[in-house]
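The values are calculated or read from the model by the stated rules, or taken from the named source; none is laboratory data. Model, not experiment: these values are computed from the prediction. Counting neighbours? That spans all protein chains shown, and the Cβs are built from the backbone with ideal geometry, glycine included. To get the accessible areas, we keep the full protein, side chains included, count just its heavy atoms, and leave off ligands, DNA and RNA. Shrake-Rupley method; radii C 1.70, N 1.55, O 1.52, S 1.80 Å.
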Amino acid sequence: MFPVHPGPSENKPKLHLPEPVEGQPFTGRSQEKVITTSFDSLGLKAELLRAVAEQGYTVPTPIQAQAIPVVLAGRDLLAAAQTGTGKTAGFTLPILQRLGASQRHIRVLVLVPTRELAAQVQESVRTYGHFLPLKTALVFGGVGIGPQIKALKAGVDILVATPGRLLDHV
């Protein structure tokens, strides 16, 4: 998902799904979907539900209710919603669900444009993945590269990075 700051007339979350592919299930393209009333009904594993509950959340936001099932199904997704609507959890939760057991090599790369956004995404990954045996790392510029190299050598499942520092590591 790419965060897009909507204009004043764009208050509703927008969900853009790819065209249907013959022989594959399609979840539909309607923006008027029925909103899920609880995280339990999204099919998330117990560890994720526990982490969500610890944060005090019981009902997914509209963007989460629409995005999580699509990502869980392995479909591509482009979504836009206002700041504070839960977009990060909308992609983080299903990614954590799909990863399964740790393999200590990079299986997910979350590439973000700024340090601040990288730190926010990393915090969400840690918060929601708290009860899962997955390792994450955060790499961005403006800080020493040594600890980042050490973390990557130790093995991570999810890497959150900014483009410049990612290129430094490559």
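Before moving on, here are some points about what is shown:
- A single member of ALA73, ALA65, ALA118 is surrounded by 16 or more Cβ atoms within 10 Å (Cβ to Cβ), farther than 26 Å from LEU138 by Cβ and free of Cβ contacts under 8 Å to residues at least 60 places away in the same chain, and it is ALA65.
- Pairs with Cβ under 7 Å, 6+ apart, first in the stretch 136-160 and in contact (Cβ under 8 Å) with a residue 12 or more places away in the chain and among the charged types (D, E, K, R), second surrounded by 15 or more Cβ atoms within 10 Å (Cβ to Cβ) and part of a helix (DSSP H, G or I): ASP157/LEU99
- Candidate set from the stretch 122-135 (those that are in contact (Cβ under 8 Å) with a residue 12 or more places away in the chain and in a helix (DSSP H, G or I)); member that is farthest from the chain's Cα centre (by Cα): THR127
- Extreme residue, nearest to THR37 (Cα to Cα), among residues of the stretch 76-90 that are open to solvent by less than 10 Å² (accessible area, probe 1.4 Å) and in contact (Cβ under 8 Å) with a residue 40 or more places away in the chain: GLY90
- Residues in the stretch 97-115 that are more than 19 Å from LEU167 (Cβ to Cβ), part of a loop (DSSP other than H, G, I, E, B) and open to solvent by 40 Å² or more (accessible area, probe 1.4 Å): ALA101, GLN103, ARG104, HIS105, ARG107.
- Residues of the stretch 124-143 that turn out to be out of contact with any strand residue (DSSP E or B) (no Cβ under 9 Å at 6 or more places or on another chain) and open to solvent by 50 Å² or more (accessible area, probe 1.4 Å), as a count: 5
- Test: residue in the stretch 139-146 that is within 30 Å of VAL52 (Cα to Cα), β-branched (Val, Ile, Thr) and within 14 Å of the chain's Cα centre (by Cα): no
- Out of LEU93, LEU159, sole residue that is open to solvent by less than 20 Å² (accessible area, probe 1.4 Å), at pLDDT 95 or above and assigned to a strand (DSSP E or B): LEU159
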